[in-house]
Amino acid sequence: FDKAMQFICEQSGKYDDKIYIDTPDDEINRYVNIWLKRQMDLGKTWGRVYNKGFRDIMQDISGFVQLDSEISKTKILDCTQYQLASGNTLRSWVPLDKRPYRDGAVWLLQTVCAYIKETADYDILDAVIPYYDDDAKETLLEHCIRGIDFLYDNVGEHGLCLWGGGDWNDSFDGAGLLLKGESVWLSIATVKATNDFAELLNKLNNTNLADKYLKRRDVLTQNIKKYGWDKDHYIYGINDWGENVGSYDTTEGQMFLNPQTWAVIAGIAESDDELLDFVEQELKCDFGYVQQKPCYKTPNPHLGRISYFGNGFYENGSVYNHGVAFKIVADCLAGRGDSAYKTIKMMMPSNPKNDYRKSGVEPYALCNMYFGPENATRSGEAPMYWITGTSSWTFRGIVEYLIGVRAEYDGLKIEPYIPSEWGCAGITREFRGAIYKINIKRAGERTIEVDGKTLDTNIVPAFSDGKVHCVNVTL
């Protein structure tokens, strides 16, 4: 036991100093410096414990790459062998799950780009990897191309991505099995993945291919706005029977969280503030933001198991924290740091309106969801903690977007949106062989100084010299 415990402590301790934050909020410090690292570590190794899934591990790696690039590289290459020759991916391989979910390529593209931004290791794109259902072996770049082509080549009559057996919200497992239904959320996520992939292609000087996908993105964006908008929000999709899902055409499930936040993340919202104001007004409760409302009360095979759950259970009206973590990123991208901070604090087990003694979650973990306010007897209860993509996205939301230090191809981007009640924040971060000590203060003009020299950009260069560099940011 003692040897096993020593090994675990040594392994965990490797990540303590990779990223270390110092803010006026001790709870957020503890989560970022200790516990979210532990949760991501668990996720990237074991998926969701009960299964090893493509999209699960890829999302965990997108945050964990900041802590261990070598393990992240190994995981990316290992997961990619479970991509199908069509460009789609397996849902999971332990146990084997061939249900036709269709969002895997979205996470492949975004995670590969996140890895290269962190490491500048473009050689990973030349790694040769097999496909799960084909004898062919191709480079990781060719796997990415197959993935993005799958998303664009498989669209419905409205020019939106086919829903299939589900997307991120895998409880919509009956909406698109006839390959007629279209997912608005998956279409929005494809726009975001295209933005990322086109940026990478331009860095590779493959501008022709980048332009090809950007043109396809523009057409997809037009279709999203034409067919996916309902008065004041984006719907979730159109099912196999041509019925709008997540619109005012229905009495149940009229609005969903993820299409709104991802429209901001993907840069397609006409007004970020209006869309996020809609989220605040319609989806907020005492302990977060519900995934959708009102709950489905009538089982509906045109939708799937989401309509068979009880009120507030799982995707049917819970505060699904994995989705709430997307909102943290959207808030910061829209310049709403105060809203992002309040959202983080609502998710935490210390929230006085639903603390850990009531919810049941350990006071140092994040749970996948809280049962929603429409549940009369179990509202606020927390199932499925630790095994959740919430950890990686919350870690990224705090480090990369609230504190605002994230890797780009040319260096570290400094774009803080710390809450107004914070006068300062600090972060120490390893990046490509150098250490950056970054101090953020509210004082004077907005400036960035690196080792005493003022920058005319918010990209701090990658020094890669093994030295410590001091970065002073004023807001």
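The values are calculated or read from the model by the stated rules, or taken from the named source; none is laboratory data. As the structure is a computational prediction, the values presented were derived from the model and not from experiment. Please note: Cβ atoms are built from the backbone with ideal geometry, for glycine as well, and neighbour counts cover all protein chains shown. These area figures cover heavy atoms from the full protein model, side chains too; ligands, DNA and RNA do not enter into them. Shrake-Rupley method; radii C 1.70, N 1.55, O 1.52, S 1.80 Å.
The helices (runs of 4 or more DSSP H) falling completely within the stretch 320-367 that include 2 or more residues that are touching a residue at least 12 places away in the same chain (Cβ under 8 Å) and open to solvent by less than 10 Å² (accessible area, probe 1.4 Å) map to 321-333, 337-347.
Only one of D26, D68 is of a type in the set (D, E) and buried (at least 18 other Cβ atoms within 10 Å of the Cβ); which?
Values: D26 fails: buried (at least 18 other Cβ atoms within 10 Å of the Cβ).
None of the other options fit; the residue is D68.
If we keep just the residues of the stretch 125-152 that are of a type in the set (D, E, K, R) and free of Cβ contacts under 8 Å to residues at least 24 places away in the same chain, which is surrounded by the most Cβ atoms within 10 Å (Cβ to Cβ)? The residue in question is E138.
Restricted to the stretch 80-176, the set of strands (runs of 3 or more DSSP E) holding at least 3 residues that are among the β-branched types (V, I, T), touching a Leu at 6+ places or on another chain (Cβ under 7 Å) and farther than 30 Å from F463 by Cβ is empty. Strands (runs of 3 or more DSSP E) fully within the stretch 385-475 that include at least 1 residues being of a type in the set (D, E): 405-408, 424-431, 447-450. All told, G267 falls short of being open to solvent by 10 Å² or more (accessible area, probe 1.4 Å), of a type in the set (G, A, S) and either under 17 Å from L162 (Cβ atoms) or in a helix (DSSP H, G or I) (or both).
Residues in the stretch 11-65 that are of a type in the set (S, T, Y) and not in a strand (DSSP E or B) were compared, and the one that is nearest to the chain's Cα centre (by Cα) is S62.
Picking from residues in the stretch 1-23 that are within 16 Å of E430 (Cβ to Cβ) and free of Cβ contacts under 8 Å to residues at least 24 places away in the same chain, the one that is surrounded by the fewest Cβ atoms within 10 Å (Cβ to Cβ) is G13.
Would you tally the residues in the stretch 72-124 being among the aliphatic types (A, V, I, L, M), without any contact (Cβ under 8 Å) to a residue 60 or more places away in the chain and within 26 Å of R396 (Cα to Cα)?
We begin by selecting, within the stretch 72-124, every residue among the aliphatic types (A, V, I, L, M); these are 76-77, 84-85, 90, 94, 96, 105-106, 108-109, 112, 114, 116, 120, 124.
Those still in the list that are without any contact (Cβ under 8 Å) to a residue 60 or more places away in the chain too: 84, 90, 94, 96, 108, 124.
Next cut, within 26 Å of R396 (Cα to Cα) only: 90, 108, 124.
Residues in the stretch 72-124 being among the aliphatic types (A, V, I, L, M), without any contact (Cβ under 8 Å) to a residue 60 or more places away in the chain and within 26 Å of R396 (Cα to Cα): 3 in total.
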